[in-house]
Amino acid sequence: MAPSPCGADQMKAVPVAALSLGKPMKRVGFGTASATLGQAEGRAGVTQAVLHALDAGYRHFDTASSYNTEAALGDAVAEAVLAGTVASRDDLYITTKLWIADAHPGRVLPALQKSLRNLRMEYVDMFLIHFPVSMRPPAVEGAIAVVKDDLVEMDMKGVWGEMEECHRRGLARAIGVSNFSCKKLEYLLSFAKIPPAANQVEVHPYCRQNKIRAFCREKGIQLCAYSPLGGKGTPWANNSVMDCPVLEQIARERGKTVAQVCIRWVYEQGDCVIAKSFNEQRMRQNLDIFGWELTDDDRRRISALPESRGTYNFFIHESGPYKTAEEFWDGEIVSGQSTYQIASCLDPTN
């Protein structure tokens, strides 16, 4: 059975999740992180992909300073508003993230201001701490290569205080975190004057995140899923997902693609989900997850899959604040599949 098409009415009827801060977040968003961090696609290529996504019905877009796609996203939004595809920037939900080299007191506000200049926007809807670790600022301002010898413990109180200031100034309508465990969130909540509205983490059928989801639900924090398809082909990939015989069988039985099964499964957990494809047909298919559901047997088979992460040991180093994956993830799904080194991926000299 062929994968079903995605009609215009269905695409635009994406449900939303109410947050503790800011406006509701569309439950399905469009990701802009690529394996080459925008280098292979180029600014124009990313802009074109975002324009296709806007035409397909996406209104929630996820970027980060380290993705090298903020400027391209800003170009596409400006062009779409001019063309009338969207009435205004206010009709969109835009998330960006604080990179680890800027996760220091005194650097948070300037980092967001730089992101806003790249985006050509006055505010973002969500500003996230990208990872719960910091790195000494590079000699070359703006470099995003991870130098493991320069990893240091984050001054979480100082950094979060400046995140709160970004919110108070109206530059970030909501603030949150990414890749935080229950333990790290518990510590953050112990002193935060403004609690995080969201926690963006890896979620897919092989990384189900039941513990952090239950914790976030209890604390009023929206879980947002990245890499719902496992991020195949990226440095943070869990390649089991798209090649999984169980998921392939479920997809055949439902007349859907494996990607649609994965995204639907994440959606059924109550999470917001960031789906990324720059292929126009697939980005439309990735929105076609409404009007049908998985069966109890489908869910049972998925729940029996072995768990592992793609984003696993990128920030583990003998001289850094986290010596093991167990320490970084605080015991939450500490097996990993990625064999890439993120420093090599991000360093253009390698």
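For the structure I just gave you, tell me whether Ala8 is crowded, with 21+ Cβ neighbours inside 10 Å and either modelled with pLDDT under 95 or over 29 Å from Arg217 (Cβ atoms) (or both). Spelling it out, it is not the case that Ala8 is crowded, with 21+ Cβ neighbours inside 10 Å and either modelled with pLDDT under 95 or over 29 Å from Arg217 (Cβ atoms) (or both). Could you please find all residues in the range 306-350 being open to solvent by 50 Å² or more (accessible area, probe 1.4 Å), outside any loop (DSSP other than H, G, I, E, B) and modelled with pLDDT of 50 or more? If the condition is that a residue be open to solvent by 50 Å² or more (accessible area, probe 1.4 Å), outside any loop (DSSP other than H, G, I, E, B) and modelled with pLDDT of 50 or more, then Glu326, Glu327 are the ones that fit. When the range 100-123 is filtered for residues that are open to solvent by less than 10 Å² (accessible area, probe 1.4 Å) and either of a type in the set (Lys, Arg) or under 17 Å from Trp160 (Cα atoms) (or both), the ones remaining, listed by number, are Ile100, Ala101, Ala103, Val108, Leu112. In the range 133-146, the residues that are more than 17 Å from Pro235 (Cβ to Cβ) and touching a residue at least 60 places away in the same chain (Cβ under 8 Å) never reach a residue that is outside any loop (DSSP other than H, G, I, E, B) and among the small types (Gly, Ala, Ser) with C-beta atoms less than 6 angstrom apart, at least six apart or across chains.
Looking at Ala64, Ala53, Ala83, which is the one that is of a type in the set (A, V, I, L, M) and under 26 Å from Val146 (Cα atoms)?
Working: Ala53 fails: under 26 Å from Val146 (Cα atoms); Ala83 fails: under 26 Å from Val146 (Cα atoms).
Going through Ala64, Ala53, Ala83 in turn, just one is of a type in the set (A, V, I, L, M) and under 26 Å from Val146 (Cα atoms): Ala64.
Scanning the range 188-212 for residues that are among the polar types (S, T, N, Q) and not in a loop (DSSP other than H, G, I, E, B) gives Asn199, Gln200, Asn210. Note on the range 148-172: residues that are touching a helix residue (DSSP H, G or I) at 6+ places or on another chain (Cβ under 7 Å) and closer than 24 Å to Trp236 by Cβ total 4.
Restrict the check to the range 98-112 and report whether at least one residue is over 25 Å from Ser88 (Cβ atoms), assigned to a strand (DSSP E or B) and under 21 Å from the mean Cα position of the chain (by Cα). Steps first, please.
Our first condition is that a residue be over 25 Å from Ser88 (Cβ atoms); within the range 98-112, this holds for 98-111.
Then keep just the ones that are assigned to a strand (DSSP E or B); that gives 98.
Those left that are additionally under 21 Å from the mean Cα position of the chain (by Cα): 98.
Yes; the residues of the range 98-112 include at least one that is over 25 Å from Ser88 (Cβ atoms), assigned to a strand (DSSP E or B) and under 21 Å from the mean Cα position of the chain (by Cα).
Within the range 135-145, none of the residues are assigned to a loop (DSSP other than H, G, I, E, B), open to solvent by less than 20 Å² (accessible area, probe 1.4 Å) and farther than 30 Å from Ala76 by Cα. Considering only the range 272-282, I want to know if a residue exists there that is touching a Lys or Arg at 6+ places or on another chain (Cβ under 9 Å), within 30 Å of Met156 (Cβ to Cβ) and in a loop (DSSP other than H, G, I, E, B). For the range 272-282, residues touching a Lys or Arg at 6+ places or on another chain (Cβ under 9 Å), within 30 Å of Met156 (Cβ to Cβ) and in a loop (DSSP other than H, G, I, E, B): absent. Evaluation of Leu287 against the conditions (1) assigned to a loop (DSSP other than H, G, I, E, B); (2) open to solvent by 10 Å² or more (accessible area, probe 1.4 Å) shows that the sole unmet condition is (2). The set of residues from the range 63-74 being crowded, with 21+ Cβ neighbours inside 10 Å and not polar (S, T, N, Q) comprises Ala64, Tyr67, Glu70, Ala72, Leu73, Gly74. Checked against (1) out of contact with any Phe, Trp or Tyr (no Cβ under 9 Å at 6 or more places or on another chain); (2) touching a residue at least 12 places away in the same chain (Cβ under 8 Å); (3) open to solvent by 30 Å² or more (accessible area, probe 1.4 Å), Val258 passes all but condition (3).
Can you spot a residue in the range 231-239 that is modelled with pLDDT of 95 or more, of a type outside the set (Phe, Trp, Tyr) and either within 26 Å of Ser308 (Cβ to Cβ) or surrounded by 21 or more Cβ atoms within 10 Å (Cβ to Cβ) (or both)?
In the first step, residues of the range 231-239 are kept if they are modelled with pLDDT of 95 or more; the result is none.
No.
Among the residues of this structure, Glu293 does not count as one that is of a type in the set (D, E, K, R), modelled with pLDDT under 95 and either open to solvent by 70 Å² or more (accessible area, probe 1.4 Å) or assigned to a loop (DSSP other than H, G, I, E, B) (or both). Within the range 158-179, being β-branched (Val, Ile, Thr) and farther than 17 Å from Gly106 by Cβ holds for Ile175, Val177. Just one of the listed residues (Ile250, Ile274, Ile221, Ile263) is within 13 Å of the chain's Cα centre (by Cα) and crowded, with 22+ Cβ neighbours inside 10 Å, and it is Ile274. With respect to the conditions (1) free of Cβ contacts under 8 Å to residues at least 40 places away in the same chain; (2) under 29 Å from Leu188 (Cα atoms), Asp271 falls short on a single one, namely (1). For Phe191, the criteria (1) out of contact with any Lys or Arg (no Cβ under 6 Å at 6 or more places or on another chain); (2) modelled with pLDDT of 95 or more; (3) not charged (D, E, K, R) hold in every case but one, which is (1).
The values are calculated or read from the model by the stated rules, or taken from the named source; none is laboratory data. Owing to the predicted nature of the structure, the values given are computational and were not obtained by experimental measurement. Note that each Cβ is placed from the backbone with ideal geometry, even for glycine, and that neighbours are counted across all protein chains shown. Keep in mind that these areas ignore ligands, DNA and RNA; they rest on the heavy atoms of the full protein, side chains included. Shrake-Rupley method; radii C 1.70, N 1.55, O 1.52, S 1.80 Å.
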